[in-house]
Amino acid sequence: MRHRHTASFRAGVAAVLATALAAVAACGDTGTAGSQAADEPADEDTGDDVVTITFESYNYGTDGVGGEGTQRLIDEFEAAHPNIRIEPTGTPAGEIHTSVHAQAAAGNPPDVAQIGWSKFGFVLENLPYVPLGEVAPVDELQAHLDGMYPAAVELGMHEDALAGLAYSVSTPTMFINADLFAEAGLDPQDPPSTWAEAEDAALAIADETGAQGIYVDAAGEAKSDFLTQSLINSNGGRLVGDDGSLHLDDPAAVEALSMLGDLTGSGAQPAVGEAEAIAIFESGQLGMLVSSTALLGGFASSTEGVFELETAGLPAFDGHDVAPTVSGAGLFVFADDPDKQAAAWDFVRFLTGDDGFTILASVIGYLPLRPSLIDDPAYLGDFFAEDDRLLPTIEQLDSLVPYQVLPGENSQQAVEFIQDNAVAPIMISGADAESTLADVAQRARELLGQ
Amino acid sequence: MRRVAARAVAHACLLLIAGAIAFPVLWTVVTSFKPTSVLYDANPFAAAPTLDHYQSALASLPVGRVVLNTALVSAAVAVGQLALATLAAFALTQYRFRARPAAFAALVGTALVPQPALIVPHYLMVSRLGLLDSYAGLVLPQLASLALAVFLLRQHMAAFPDELIEAAHVAGASNLTILLRIMVPNLRPVLSAVGIVVFIQTWNEYLWPLLATSGMDRATVQVGLRVFQTEQGQAWGPLMAAATLVALPLLIGYVFMQRRVTDAFLRSGID
């Protein structure tokens with residue numbers, strides 16, 4: 001009796017489920033205009049031939065200069081293109097490729113997305129991007145690219161096609177606490193230009209002021225691998241060979257990454273993580289921080305009234321020229337409708353054009369990838385005359401080396417594996433560089449199928 | 001005398017632990033009132049307190065909106081999971097069928113599937129239902145994550161006295177009557193415990209609300225706070241101010257429901 005299904009119980013279950021489904025359906029009606037089924041056409045062509053394109057960005061909607069600059073870019077574009085409406089979405093940099101992946105699987109990717117170069121391998125392997133050569137008229141695209149740094153254009157190339165276009169790009173820079181420099185008897189206008197000089201200066205700061213000397217932000221989460229690559233490149237090595245093979249345990253790489261451990265071992269560098277180092281720097285207790293130029297806008301406001309902030313280029317290894325690579329992101333087009341593709345190209349062209357890079361550099365602090373803008377008073381001439389802290393890294397753009405993508409579908413996992421198991425232990429925990437890199441390189445090759 | 005000393009030592013240790021746990025929360029509040037120039041100063045009174053960070057936080061984040069969204073979604077998931085898990089636990093304890101152990105194992109086993117593996121299927125389902133950026137889209141996939149609720153309720157229902165249920169059957173009560181009139185009232189403490197645990201878990205959920213919403217209309221607290229974590233660095237002052245503001249409703253709720261919340265975690269055996 002007790003174990004028998006009764007009619008009343010079934011009716012009860014049905015009633016509960018019906019109520020739940022009705023509630024869910026009712027809730028569904030409350031979604032915004034932006035919620036649409038995957039196969040439902042987007043809000044476009046509202047009668048005035050207005051095309052709406054979606055834009056997923058990791059700067060959009062954030063507090064401070066990143067959000068303000070992106071909103072200004074969108075506003076100015078819409079003012080100049082009244083027939084195109086931008087529907088922006090903000091997603092953190094670390095999750096934007098996952099978000100686009102999920103949307104693409106549902107058949108509804110954003111029309112344009114800002115995706116970090118460290119995820120470039122993931123984009124190539126997993127996302128349905130449309131090469132820019134397929135959305136832009138050939139002559140128009142070529143004319144647009146002609147004004148950009150060739151190395152910046154090269155960043156987005158894959159198999160002779162332009163997969164994405166360099167947009168919010170930053171390179172390594174050395175942020176300097178000029179007050180600590182002066183207190184230690186150093187000249188902030190004559191910053192260290194080699195790693196040996198940087199270590200000497202760091203030790204002097206530690207001895208004379210009691211503050212920390214230097215921190216190289218190569219062991220941070222997610223995107224610090226651009227600094228790892230920059231160090232290896234600048235010591236005459238490279239992470240990936242022409243045939244796609246991993247060169248993490250080559251002598252040049254071992255020597256470059258040993259330097260990180262040596263800085264910590266000598267007491268010039270604190271054995272802390274990225275977030276702690278940035279906090280120490282912002283509090284005025286760190287002499288030099290080597291990180292991305294993307295931090296400049298934030299530092300400019302957070303260090304105001306704390307200390308005088310200066311910048312310098314990436315230090316060089318003795319006997320080698322610096323060869324930095326980039327962090328930041330490119331713009332990728334995913335639109336498959338011809339009208340949306342045309343609108344997406346107009347948007348990409350604006351963001352990476354003269355007005356776009358002027359806003360990106362002057363408001364947010366990203367690098368202007370068009371050299372003609374730097375001295376032009378109509379664009380960035382006046383801005384740089386007033387604040388030249390971005391210039392040291394702009395001078396390094398001529399020696400820029402494209403970011404190298406690890407091959408294969410496990411590239412992203414391999415990058416994280418190398419950062420977590422080689423760079424961080426060598427830099428922070430005192431692991432031996434040669435044996436650690438040999439071991440990690442072997443395991444990374446297995447992950448990459450080499 | 002020795003017993004008094006031992007109690008004093010024990011209480012001193014507990015006070016120390018409580019202080020260590022409370023310190024980050026306290027420092028969050030202190031930091032939210034410190035001017036940017038002394039944000040990292042260890043002295044909480046290094047400069048006169050300011051409301052600048054609160055103004056900035058309120059300008060960047062619709063605090064009331066995200067708190068309301070999170071409360072609605074958390075309440076809907078908690079109520080929905082309780083309803084479904086109660087029915088499932090009743091079936092798993094009161095009906096004998098061959099697949100019962102396998103059904104229970106399968107239900108509880110869903111807790112072992114990592115959430116990132118479910119993101120794309122969830123997104124596909126919600127997208128095809130046209131529920132992206134809606135409360136339903138936020139709630140529906142989280143309703144299915146009820147392994148913990150089923151497990152806890154099943155354990156308590158299994159321990160329910162058979163005699164009471166038999167007596168009810170003899171008196172002619174239906175299964176639905178037995179569930180709603182006899183079991184549910186007696187299981188009220190554990191139901192409220194499970195509800196509170198699910199509510200807090202849903203309140204803290206980040207990845208799914210991030211993907212299922214766009215903009216702030218349906219954003220939850222965890223998603224909203226990320227506007228202060230930018231590529232140009234963390235805006236610690238506004239972040240601490242916003243964290244303080246969104247924590248206030250929970251804190252007030254906790255003051256009134258302190259005993260029940262503590263009981264919930266003790267009963268569920270999780271933290």
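Where a number appears in this text, it was derived from the coordinates with a stated rule and is not lab data. Predicted, not measured: the structure shown is a model, and the values here were computed from it. Here the Cβ is made from the backbone with ideal geometry for all residues, glycine too, and neighbour counts use every protein chain on show.
Considering only A:Asp207, A:Asp217, A:Asp354, the mean-square fluctuation computed in a Gaussian network model of chain A, springs between alpha carbons under 10 angstrom, is largest for A:Asp207.
Within the listed set B:Thr70, B:Thr177, B:Thr31, the Gaussian network model of chain B (springs between alpha-carbon atoms below 10 Å) gives the highest mean-square fluctuation for B:Thr177. Positive end of the dipole of the protein assembly as shown (Cβ unit charges, origin at the Cα centre): among B:Val139, A:Tyr149, A:Ala211, the Cα lying farthest that way belongs to B:Val139. Charge dipole of the protein assembly as shown (Cα centre as origin; +1 on each Lys and Arg Cβ, -1 on each Asp and Glu Cβ, all else neutral): 6580 debye, rounded to the nearest 20. Loop exposure criterion: trypsin sites (Lys or Arg not before Pro), DSSP state outside H, G, I, E and B, at most 14 other Cβ atoms within 10 Å. Applied to chain A, the longest stretch between such sites is A:5-450.
Normalising the average separation of contacting C-alpha pairs (under 8 angstrom, six or more residues apart) by the number of residues puts the relative contact order of the stretch B:135-271 at 29 percent.
Residue order for B:Glu166, A:Glu68, fewest other beta carbons within 10 angstrom first, comes to B:Glu166, A:Glu68.
Per-residue 3J(HN,Hα) values for the stretch A:154-168, derived from phi via the Karplus relation 6.51 cos²θ - 1.76 cosθ + 1.60 with θ = phi - 60°, read 4, 3, x, 7, 8, 6, 6, 10, 8, 6, x, 10, 4, 10, 8 Hz in sequence order (x marks Gly and Pro).
In chain A, a dipole from Cβ-located charges (positive for Lys and Arg, negative for Asp and Glu) runs towards its positive end, and of A:Leu400, A:Pro192, A:Ala102 it is A:Ala102 whose Cα lies farthest in that direction.
Between the stretch B:203-251 and the stretch A:333-350, the alpha-carbon centres lie 31 Å apart. Take every Cα pair under 8 Å whose residues are at least 6 apart in sequence, average their separation, divide by the length of chain A, and the relative contact order is 22 percent. Once C-alpha pairs closer than 8 Å and six or more residues apart are averaged by separation and normalised to the residue number of chain B, the relative contact order reads 32 percent.
Considering only A:Pro377, A:Pro425, A:Pro188, give the residue with the highest GNM mean-square fluctuation for chain A, with springs between Cα atoms whenever their separation is below 10 Å. Residue with maximal mean-square fluctuation among A:Pro377, A:Pro425, A:Pro188: A:Pro377.
Ignoring the sites themselves, chain B has its longest run without trypsin sites (Lys or Arg not before Pro) in a DSSP loop having at most 15 other Cβ atoms within 10 Å at B:99-271. Against chain A, whose longest principal axis comes from its Cα atoms, helix A:338-351 is set at around 30 degrees. How far, in degrees from 0 to 90, does helix A:225-234 lean away from the longest principal axis of the Cα atoms of chain A, to the nearest 10? The two axes meet at around 40 degrees.
Quick one: of the DSSP bridges fully inside chain A, what percent are antiparallel, nearest 5? For chain A, the DSSP antiparallel bridge percentage is about 60. Its Cα centre serving as origin, the stretch A:133-222 has a Cβ charge dipole (Lys and Arg +1, Asp and Glu -1) of approximately 120 debye.
Two tests apply to each whole DSSP H helix in chain B, Cα reach of 27 Å or more along its axis and mean Kyte-Doolittle hydropathy of at least -0.5, and the ones passing both are B:2-32, B:63-94, B:236-268.
In chain A, the longest principal axis of the Cα atoms and the axis of helix A:195-209 are about 80 degrees apart.
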